[in-house]
Amino acid sequence: MRNLVDQTRILLSFCVLFLFSCVSVPVGAVPESDSPTPLIIRIGLRRALSGQVYLALTTRQAAGQLTDAACSQPVADGPEGSRWTFRLVPGGIEIEKDEAVLGVFPGPIRLDARGGGLIEALSPKVRSPRYRGGIEISVRKSSRKNYLGAVNALPLEEYLYSVLPSEMPLSFHPEALKAQAVVARTYALQHLGRHKADDCDLCDGIHCQSYLGYDAERDKSRAAVDATRGEAIYYGGRLIYAVYSADCGGHTQSNEDGAMSRSAWSYLRAVPDRSDDGPDYCSGSRFHTWSRQFTLYELKRSLNRSPIARVGSLQEMRFLDYDPSGRVKTVELIGSREVKWITGGQFRQIMGGERIPSTLVTLTRLPSNAYRFDGRGFGHGVGFCQHGANGMAAAPQSFRYQDILKHYYQGVEIRPFPGTGSFIETKP
Ligand SMILES: [Zn+2]
Ligand SMILES: [Zn+2]
């Protein structure tokens, strides 16, 4: 019979090799630093990495460090280029470093590139493989199957470097890009914890803001983020809901008319998007004026996709009323079986944004029984108008980004968000 020491050793090696669990360690006081710690944002890589049962990562321009994120305990180090693999197994995540098994961990487990390096995904079918900061891997359970979830934790400002090119063309004026950077930052801050159930703040899809990691960054996006470092938009001391659309068509829409809330928010009022008698600020957009034509049959086929717009065979469509910005409020659908009323927003949603780009639209019944829709703008038109910002920034208007934001968000102030590492932040 083995002695107790041997038994303990066997038990220990079993634990070390096969199943790691956290042992609580006393946490000392964090030393005060002169520079404020940057705010870290957690992005669920739902679109890019999550959902698989196997992931391979490596570090570039930096050594890698693996940490048991459940208890912040270091697990292993590896030089640049080490191959770290994560495989879903019964009991957790089996991890290998350069083909040597480190063990099975319940997760979450986190790989960091030390000293500002990058983490690159080596798994096949990864569209945007490189990330700043750290990547945390955990076991996710769904009703159908278990899979590995991946969360990218990185400083907010570095996240914005990558978000900006997905949200606004980099060919836009630098002041418009700065305005968009402040909008994107405010949106992210206002939505921190939105995906709490998945242990992250935001996702990487268009549901939140499109995020494609380091490979999407460009010099122009980094410049716009750096020039506005830490700045966010406030109304009455609180972060605003920084909504925006591509082209307001020459007049923005109030939030309650855009069906974002029943109550009217003071900073989201409908405003004309032009100087007194000048052209619309957003007139440079290719959607600024548009025209579409559909037969009754085509309209019926599209409307039938939604139960709220199904009226049998469509006989006639009418726009009944408009909001103060000129957007259609009520659409009447007269069918062979019944008559229904839907909102302009619902009509656009059912038809699709490509076919009816905005609800700033008029309707003409043609002698052929087809309908012609003449409209302006693209998107809901509430808040910040992206093409308008570009027009405002360009000569001869030459507005600065702060004035652009104050035009679209009435009565707001722009100031640093505490904890974002802004260099203009003053110490208390
Ligand atoms: Zn999301
Ligand atoms: Zn506009």
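Some observations on this one:
- Segment 130-166 - residue that is assigned to a strand (DSSP E or B) and among the polar types (S, T, N, Q) and, of those, surrounded by the fewest Cβ atoms within 10 Å (Cβ to Cβ): ASN146
- Selection count where residues are polar (S, T, N, Q) and within 14 Å of ARG83 (Cα to Cα), scope segment 101-141: 1
- Odd one out for GLY312, checked against (1) on the phi > 0 side of the Ramachandran plot; (2) surrounded by 15 or more Cβ atoms within 10 Å (Cβ to Cβ): (2)
- Of all residues in segment 68-78, at least one satisfies being free of Cβ contacts under 8 Å to residues at least 60 places away in the same chain and among the hydroxyl-bearing types (Ser, Thr, Tyr).
- If you go through segment 184-215 and keep only what is in contact with a strand residue (DSSP E or B) (Cβ under 7 Å, 6 or more places away or on another chain), of a type in the set (A, V, I, L, M, F, W, C) and outside any loop (DSSP other than H, G, I, E, B), you end up with ALA188, LEU189, CYS200, LEU202, CYS203.
- Test: residue in segment 157-168 that is charged (D, E, K, R) and touching a Phe, Trp or Tyr at 6+ places or on another chain (Cβ under 9 Å): yes
- Annotation for segment 152-172: no member residue is within 15 Å of ligand 1 (Cβ to nearest atom), without any contact (Cβ under 8 Å) to a residue 24 or more places away in the chain, under 26 Å from GLN402 (Cα atoms) and in the same structural domain as PRO106 (by TED's automatic domain parsing).
- Residue ranges of strands (runs of 3 or more DSSP E) in segment 227-345 with at least 1 members more than 30 Å from ARG185 (Cα to Cα) and away from ligand 2 (no atom under 16 Å from the Cβ): 290-294, 314-322, 328-335, 339-343
- Lone unmet requirement of (1) part of a helix (DSSP H, G or I); (2) buried (at least 23 other Cβ atoms within 10 Å of the Cβ); (3) at pLDDT below 95 for HIS380: (1)
- If you go through segment 212-249 and keep only what is touching a Gly at 6+ places or on another chain (Cβ under 7 Å) and more than 18 Å from TYR159 (Cβ to Cβ), you end up with TYR235, VAL243, SER245, ALA246, ASP247, CYS248, GLY249.
- All conditions but one from (1) more than 16 Å from ligand 1 (Cβ to nearest atom); (2) in contact (Cβ under 8 Å) with a residue 60 or more places away in the chain apply to LEU303; the one that does not is (2).
- Subset of segment 109-138 (residues that are more than 12 Å from GLN65 (Cβ to Cβ) and without any contact (Cβ under 8 Å) to a residue 60 or more places away in the chain): GLY116, PRO124, LYS125
- Within segment 188-230, considering residues that are among the aliphatic types (A, V, I, L, M) and without any contact (Cβ under 8 Å) to a residue 24 or more places away in the chain, the one surrounded by the most Cβ atoms within 10 Å (Cβ to Cβ): ILE206
- Selection within segment 45-95 - over 20 Å from PRO124 (Cβ atoms), crowded, with 19+ Cβ neighbours inside 10 Å and under 29 Å from the mean Cα position of the chain (by Cα): GLY64, LEU66, ASP68, ALA69
- In segment 199-235, the qualifying residues are those that are touching a Pro at 6+ places or on another chain (Cβ under 6 Å) and small (Gly, Ala, Ser), and the one that is farthest from ligand 1 (Cβ to nearest atom) is GLY230.
- Among the residues making up segment 240-267, a single one is touching a helix residue (DSSP H, G or I) at 6+ places or on another chain (Cβ under 6 Å) and surrounded by fewer than 18 Cβ atoms within 10 Å (Cβ to Cβ): ALA259.
The values are calculated or read from the model by the stated rules, or taken from the named source; none is laboratory data. Only a predicted model underlies this, so the values are computations on that prediction, with no experimental measurement involved. Every residue, glycine among them, receives a Cβ derived from its backbone with ideal geometry; neighbour counts consider all protein chains shown.
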